[in-house]
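Undergrad: Take this structure, written in structure tokens, and hold onto it; I'll ask about it next.
The values are calculated or read from the model by the stated rules, or taken from the named source; none is laboratory data. This one's a predicted model, so the numbers in the text were calculated from it and none came from an experiment. Cβ: placed from backbone, ideal geometry, glycine included. Neighbour counts: every protein chain shown. Please note that ligands, DNA and RNA were not included when accessible areas were found on the heavy atoms of the full protein model with its side chains. Shrake-Rupley method; radii C 1.70, N 1.55, O 1.52, S 1.80 Å.
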Amino acid sequence: MVFCFPTKGSCYALTYNTKIDQDNTAALLPNGKLILSVDKDTYEELGLQGRPSQYSGKKILRYIITIDLTDSGFHPDSKKHNRVLWALKEKKPLEFDFLLAWYNTGAEGSTLMSYFSKNQIQALKPKITFSTLRDLQCPVLQSNELQGKPDESCSTEELFEWLGAVLNQVSLDNKSSSFLSTYCCPQPNTVVEKAFLCTITGFIIPEKIIQLLEQLCCYFGEPKLAYWLTLTVHGFADSPVSWRESEHGFHKGGENLYNFVIFRNLDYWLQMAVGTHDDCPP
């Protein structure tokens, strides 16, 4: 299944309904590398070369196996190919439900749906929701002031915290009667009569994110009242990798995300964040 598409465009696959700290998981990256995160028993049964998870602690209970499907020595008639196939299909059969996506601008004929027509496969579309936030307190930003200026603009950190509050529908009023939150919008701020929020949920590949980003930049092509807008992308909490090929762990929340802040003059900020069980973003 995964041995065909990596050499023909960008192919993405991620195990679905698996927990990175409890189950065996897998991901296929667009560079053709198959990443397996498996427990100790599975690792020993497979007999494939790997390394201990860097988040296992003193007692190693999880291993990471990386298989380069584009390696010149990994062709259908090679010993390496046959050894890996035998380990995964016969010695220790691993079965997963996968989310799959394939991007190839010059694709002709074959698609994921037709290739897997004999398997249980279903075409899914992202879930899209829209909402309008009225009388929203928004921080004042200046693209050239990352640290902010007293009484003039807010910092990148203050914006990031504010975004989290807005996306989680946290009140920005800091009322004394609130037992849930004492958060308030950073100063200086302004009240926006209407703010538009669009949420897209699904297996969204980087090529589609770039298209979204380009469309958002076009927003400022006509006179607009908005001075800036944001695009926040959350990675899957139970993915075995986060940035590039960096190992990803769950710890408390499995956070891995990035956020673009695009200004009217097309300057932008890029913010990246991960949880405790992650390498720092590049």
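Undergrad: Looking only at the range 35-55, filter to residues that are aliphatic (A, V, I, L, M) and open to solvent by less than 10 Å² (accessible area, probe 1.4 Å); which one of those is farthest from F74 (Cα to Cα)?
TA: Top of the filtered list is V38.
Undergrad: It is to be established whether one or more residues within the range 133-141 are open to solvent by 70 Å² or more (accessible area, probe 1.4 Å), under 22 Å from V192 (Cβ atoms) and outside any helix (DSSP H, G or I).
TA: For the range 133-141, residues open to solvent by 70 Å² or more (accessible area, probe 1.4 Å), under 22 Å from V192 (Cβ atoms) and outside any helix (DSSP H, G or I): present.
Undergrad: May I ask you to list the residues in the range 213-227 that are open to solvent by 60 Å² or more (accessible area, probe 1.4 Å) and among the aliphatic types (A, V, I, L, M)?
TA: L225
Undergrad: Then there is this: Return the residues of the range 74-84 that are touching a residue at least 40 places away in the same chain (Cβ under 8 Å) and either part of a loop (DSSP other than H, G, I, E, B) or of a type in the set (D, E) (or both); say none if nothing qualifies.
TA: Passing the criteria: only P76.
Residue-by-condition table, conditions (1) closer than 30 Å to F96 by Cβ; (2) assigned to a loop (DSSP other than H, G, I, E, B):
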{"position": "L197", "(1), (2)": "no, no"}
{"position": "I200", "(1), (2)": "yes, no"}
{"position": "K224", "(1), (2)": "no, yes"}
{"position": "T232", "(1), (2)": "yes, no"}
{"position": "Q271", "(1), (2)": "no, no"}
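Undergrad: Out of A87, A123, report the one residue that is part of a loop (DSSP other than H, G, I, E, B) and among the aliphatic types (A, V, I, L, M).
TA: A123
Undergrad: So which of F116, F98 ends up being under 26 Å from the mean Cα position of the chain (by Cα) and at pLDDT 90 or above?
TA: That would be F98, the only listed residue that is under 26 Å from the mean Cα position of the chain (by Cα) and at pLDDT 90 or above.
Undergrad: Taking the range 88-122 only, how many residues are aliphatic (A, V, I, L, M) and open to solvent by 70 Å² or more (accessible area, probe 1.4 Å)?
TA: Adding up the residues that qualify gives 1.
Undergrad: Inspect the range 75-96 for any residue being of a type in the set (G, A, S) and under 16 Å from E247 (Cβ atoms) and give the result as yes or no.
TA: no
Undergrad: When you go through T182, T199 one by one, which is the residue that is touching a strand residue (DSSP E or B) at 6+ places or on another chain (Cβ under 6 Å), under 22 Å from D135 (Cα atoms) and of a type in the set (S, T, Y)?
TA: None of the others qualify; the one that does is T199.
Undergrad: Check F130, F160 and return the single one that is among the aromatic types (F, W, Y) and open to solvent by less than 90 Å² (accessible area, probe 1.4 Å).
TA: F160
Undergrad: Note down all Cβ pairs under 6 Å where the first residue falls in the range 57-73 and is closer than 25 Å to C11 by Cβ and acidic (D, E), the second is open to solvent by 40 Å² or more (accessible area, probe 1.4 Å) and not in a loop (DSSP other than H, G, I, E, B), and they're at least six residues apart or on different chains.
TA: From residues that are closer than 25 Å to C11 by Cβ and acidic (D, E), the pairs are D68/K33.
Undergrad: Can you tell me which residues in the range 164-184 are within 21 Å of A273 (Cα to Cα) and either part of a loop (DSSP other than H, G, I, E, B) or modelled with pLDDT of 95 or more (or both)?
TA: Within the range 164-184, N168, Q169, V170, Y183 meet the criteria.
Undergrad: Follow-up. Residues V191, V170, V166: which one is surrounded by 13 or more Cβ atoms within 10 Å (Cβ to Cβ), in contact (Cβ under 8 Å) with a residue 24 or more places away in the chain and not acidic (D, E)?
TA: Being surrounded by 13 or more Cβ atoms within 10 Å (Cβ to Cβ), in contact (Cβ under 8 Å) with a residue 24 or more places away in the chain and not acidic (D, E) holds for just one of V191, V170, V166, which is V166.
Undergrad: Which residues, taken from the range 56-77, are open to solvent by less than 90 Å² (accessible area, probe 1.4 Å) and either basic (K, R) or at pLDDT 90 or above (or both)?
TA: Listed by number, the residues that qualify are I60, R62, Y63, I64, I65, T66, I67, D68.
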